[in-house]
Every structure is written in C-alpha cells, then in structure tokens.
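Asker: Structure in structure tokens, see below.
What follows draws every value from the coordinates through simple rules; no lab data is involved. These figures come from a predicted structure and were not determined experimentally. All Cβ positions, even for glycine, are placed from backbone atoms using ideal geometry, and neighbour counts span all protein chains on display.
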Amino acid sequence: MTEYNLIFGAVLLFNIAVTFRASTYWTKYFPVQEPEVIEEPQDDPTPLLKGDDDEGDNETEEKDGETDLEQGAKGKEPKSNAASDAAANIRHSQLLRKYLIVYLLAAFSDWLQGPYVYALYDAYGYSQHDIAVLFVAGFGSSMIFSFVGGIADQYGRRRFVILFAIIYSLSCMTKHFKNFSILMIGRLLGGIATSLLFSVFEAWLVGAHASAGVMTHLGKSFSSAQYGNSIIAILAGQVANKAANHAEFKPVSKDSGFYTGGYLGPFDVSLVALIACGLLATCLWEENYGETSNDDNGKSSKTSAVGQFKNAFYTTIRSPDIFSIGVLSSL
C-alpha cells in the first residue's frame with residue numbers, strides 16, 4: 001500500500017504540474033518577456049534637394065500629427081477593452097472560487113459513498129437478492145425524480161442545492177440502521193439527491209455566469225470543475241479507505257439495530273461534507289432561476305417545468321449530437 005501511495009502521489013503531482021503549465025495561470029504568474037527588436041535606420045541613397053527636404057519635413061510633421069491623433073483616438077478603445085477584460089476576469093475568478101468550494105464538497109460526499117454501499121449491505125447480512133432490490137430502488141428513484149432539475153429552475157437553484165445537502169445527509173443517516181425499510185428509504189433519498197447533484201449545480205453555474213456577464217468564461221469553469229472532480233474522486237477513495245478501517249463495525253448494544261464503525265465510516269465523513277456544502281451554499285451563493293418569458297401584458301414570468309421539459313425534448317430530438325450523447329450515456 002505504501003508503494004501504491006507513493007506512485008499515486010508522484011503521478012498526481014505530475015498531473016497537477018502539467019495542467020498548471022498548460023493553463024493561463026502560468027502566464028499570469030510567470031509572464032514571458034519578449035525580446036525587444038531594434039530596427040536599424042536605412043540610408044536613402046537618393047539625394048534630396050533643399051526644397052524637397054523642407055516639403056518632406058512638413059509632410060512628415062503632418063503625418064506624425066495625424067498618427068498621434070489617430071493613436072490618441074484609437075488608444076482609448078484598447079485601454080477600455082483591457083480594463084473590461086480585467087474586470088471580467090476578476091468577476092469570473094470570484095465566481096469560480098465560490099462554485100468550486102460548494103460543488104467539490106458535494107462531489108466529494110458522493111464519491112465517498114459509492115464503493116461501500118454494497119459492502120455495507122453485505123456486512124448487515126442481506127442476501128444478493130435484497131441488495132439488488134435496494135440498488136434498483138435507488139437507480140429507479142434517480143430516474144423518476146429527474147424532473148427536480150426543472151422544478152429547481154422555477155423555485156430557485158441555490159434552494160435546491162441546500163435541499164440536496166439535506167436529502168443526502170438523511171440518506172447517510174439511514175445507513176446506520178439494520179432495517180430493510182429504513183435502508184430502502186435511504187436509497188430513495190439517495191436517488192433524488194443524485195438527480196439534484198447532476199443537474200442543479202451546473203444550472204446554477206450557467207445562471208451565475210449570465211448574471212455576472214462572463215458567459216465567455218463558462219467553458220473554462222466547466223473544465224476546472226471536471227478536473228477538480230477527478231482529483232476529488234481519487235482523494236475520496238483514500239479518505240474512505242481510512243475511514244472504513246478506523247473503527248470496528250458493531251452495534252451500539254447487543255440487541256440494537258443501530259450500528260457504528262467499519263463501512264459506516266465513509267458515510268459519516270460524507271455527512272460532514274454535506275453539512276459543510278449546505279452551509280457554504282447558503283453563505284456564498286446568490287439565488288438564481290431559470291429562463292423567463294414575457295406574457296401578453298409584457299410582464300416576465302418564469303417558464304413552467306412542463307414548458308422546460310417540452311423545450312428539452314424538442315432540442316434533444318432536433319440535435320443529433322445531443323441525442324447521441326444521451327443514448328451513449330444511458331448505455
């Protein structure tokens with residue numbers, strides 16, 4: 001295990017170094033100074049008469065004056081554009097930090113649980129059939145409650161991120177009970193939380209970019225989130241392994257159905273991460289909603305969940321790329 005950790009650490013550091021070198025942060029903190037090119041004056045072999053020399057000087061002065069005026073008139077625009085770009089970069093950096101803190105905690109809590117769900121049910125002594133029923137219930141819940149993303153657009157995405165943290169926390173709590181009904185409730189709650197995790201967070205990010213006027217930076221934000229998610233997944237595996245081996249898996253008392261330790265450790269760590277996720281979303285994120293439409297009186301109103309489903313359906317069937325991605329993901 002020690003050799004594996006060393007290899008993992010070395011590869012991870014190399015990955016981070018290569019990513020940092022390829023990012024814009026490298027040029028930000030280590031700017032490359034371009035060498036100055038000194039142009040040598042070229043001698044004009046054609047001799048000039050005195051009158052021609054005076055006329056040339058006048059024309060040169062006029063051109064210099066025009067050049068100065070043109071540069072002065074044009075100089076304002078690049079400076080203003082540079083200032084605008086700098087302000088947009090600052091707004092994007094602040095927004096991205098707020099998003100990643102909350103999103104990576106949510107992703108961390110999800111990665112912690114995955115490898116130990118089956119192991120926990122098996123440790124409780126359930127048969128493979130019972131475990132299969134629990135898993136199917138969780139996946140079915142995630143499919144049935146996929147509409148919650150549309151509801152979040154109508155009632156507030158930050159509100160549903162907080163709801164995600166609450167629901168997933170309750171799902172983690174149910175894992176402590178050796179009771180099939182309670183574990184089933186936990187699986188249903190986990191399915192709802194999974195639907196929220198893969199819809200509401202990204203919807204909030206898109207809305208926040210639109211509100212801040214930094215939509216051109218949206219691709220960079222998604223790239224940073226996905227890269228951070230991959231790092232968090234590896235880190236969660238290490239943390240979950242330590243938590244699962246930290247204490248013995250046993251009931252609180254002899255006849256109690258409430259268990260602690262063992263494979264419950266990763267779920268307890270996940271519970272802490274979810275609480276932090278919900279609190280930080282409450283403190284750092286602003287509320288945003290889905291698209292609005294104008295009625296006959298010119299008043300703006302939020303698009304209904306049914307209308308959003310219709311738009312999503314028509315967009316999917318009309319776009320071969322989106323349809324293909326959906327089919328491949330479902331497989």
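Asker: Show me, for region 113-119, the HN-Hα J-couplings you get by feeding each phi into the Karplus relation (A = 6.51, B = -1.76, C = 1.60, θ = phi - 60°), rounded to Hz, glycine and proline as x.
Answerer: 7, x, x, 10, 5, 5, 4
Asker: With the alpha-carbon atoms as the only input, what is the per residue convex hull volume for region 111-180 in Å³? Provide the component values of the computation, followed by the final result.
Answerer: Numbers: hull volume 6.7 nm³, N = 70.
With only Cα atoms used, region 111-180 gives 95 Å³ per residue.
Asker: What's the ranking of 177-183, 250-256, 167-173, 83-89 by average number of surrounding C-beta atoms within 10 Å, highest first?
Answerer: Numbers: 177-183: 15.9, 250-256: 9.9, 167-173: 21.7, 83-89: 12.0.
So the peptides 177-183, 250-256, 167-173, 83-89, ranked by packing, come out 167-173, 177-183, 83-89, 250-256.
Asker: Ranking request for peptides 239-247, 258-266, 14-22: highest mean number of other beta-carbon atoms within 10 Å first, then the rest in descending order.
Answerer: 258-266, 239-247, 14-22
Asker: Pairs Lys178/Lys254; Lys98/Lys310; Lys175/Lys254; Lys220/Lys310: which exceed 22 Å Cα-Cα?
Answerer: Lys98/Lys310; Lys220/Lys310
Asker: Something else about it: How big is the Rg/Rh ratio for region 140-240, C-alpha atoms only, Rh by Kirkwood, two decimals?
Answerer: When Rh is taken as the Kirkwood radius, the ratio is 1.04.
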